[in-house]
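K.L.:
The structure's right below; bear with me while I get my questions together.
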Amino acid sequence: MATAEIAPPPSIEALFDRYHVGWETKDPDLIAALHSEDTIFALRDGTEPVTGRERLREHCRQLFATFDFSMEMGRRLFGADHWVFEWTMLLSLREPGGAPFTARVGMLDVVTVNEAGEVMRKDVYPNGREMHAAFVRAGIDR
């Protein structure tokens with residue numbers, strides 16, 4: 001009788017690297033594939049959390065279709081079952097008159113990983129003052 005080898009889950013750092021590629025390349029399928037079926041994604045801006053892998057996939061599709069942004073990496077802190085990531089969102093927007101500008105919004109991610117090596121919860125904390133100022137300048141009511 002042959003025994004199957006089960007690969008251990010990736011290290012937290014390796015999972016972060018792969019996950020970050022999904023966000024950098026704006027790949028909702030890769031991002032969702034790294035989350036658990038019952039995942040919770042909460043942008044801490046007063047909106048309702050997204051629950052479940054398929055809802056997260058659709059949320060990411062809509063996010064990438066709506067906003068043009070990139071990331072400037074900051075500190076990364078890794079624990080046994082989580083990471084904390086400070087980053088700056090560089091958000092390309094337009095003023096109501098059409099003039100383009102790039103808003104800088106500080107962000108903090110707190111990500112919890114289950115024993116299978118899947119993201120089970122992601123809480124994203126934006127700098128509220130910076131985000132509000134960017135949306136006001138762009139004439140976006142959020």
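Computed from the coordinates by the stated procedures, all read-outs in this text should not be read as laboratory data. All values reported here derive from a predicted model rather than from experimental measurement. Glycine also receives a Cβ, built like all others from the backbone with ideal geometry; neighbour counts cover every protein chain displayed.
K.L.:
Just to confirm a number: summing +1 for Lys and Arg and -1 for Asp and Glu over residues other than GLU72 whose beta-carbon lies under 14 angstrom from that of GLU72, what do you get?
P.N.:
That sum, taken over residues with Cβ under 14 Å, equals -1.
K.L.:
If you don't mind, there's one more thing I want to ask. At most 15 other Cβ atoms within 10 Å and a DSSP loop assignment: could you name the GluC sites (Glu not before Pro) in region 39-142 that fit?
P.N.:
Taking region 39-142 and a limit of 15 other Cβ atoms within 10 Å, the loop GluC sites (Glu not before Pro) found are GLU115.
K.L.:
Net charge near MET107, counting Lys/Arg +1 and Asp/Glu -1 over other residues with Cβ under 15 Å of its Cβ?
P.N.:
-1
K.L.:
So for ILE140, ILE40, fewest C-beta neighbours within 10 Å to most, what's the order?
P.N.:
Ascending number of Cβ neighbours within 10 Å: ILE140, ILE40.
K.L.:
Counting only DSSP beta bridges with both residues in region 12-138, what percent are antiparallel, rounded to the nearest 5?
P.N.:
85
K.L.:
What percent does the relative contact order of region 12-138 come to when contacts are Cα pairs within less than 8 Å and at least six residues apart?
P.N.:
Computed over region 12-138, the figure is 24 percent.
K.L.:
Pick out, in residue order, every one of the chymotrypsin sites (Phe, Trp or Tyr not before Pro) in region 60-142 that is DSSP loop and has at most 15 other C-beta atoms within 10 Å; say none if there are none.
P.N.:
PHE67
K.L.:
OK, next. Does region 1-106 come out rounded, prolate or oblate, given a ≥ b ≥ c as the square roots of the eigenvalues of its C-alpha gyration tensor, rounded meaning a/c under 1.5 and, failing that, prolate meaning a/b above b/c?
P.N.:
Note, shape of region 1-106 comes out prolate.
K.L.:
Give me THR112, THR66, THR102 sorted ascending by neighbouring Cβ count inside 10 Å, so fewest comes first.
P.N.:
Ranking THR112, THR66, THR102 by Cβ neighbours within 10 Å, fewest first, gives THR66, THR102, THR112.
K.L.:
On a 0 to 90° scale, report how tilted helix 53-66 is relative to the longest principal axis of the chain, with both axes built from alpha carbons and the result rounded to the nearest 10.
P.N.:
The angle comes out near 30 degrees.
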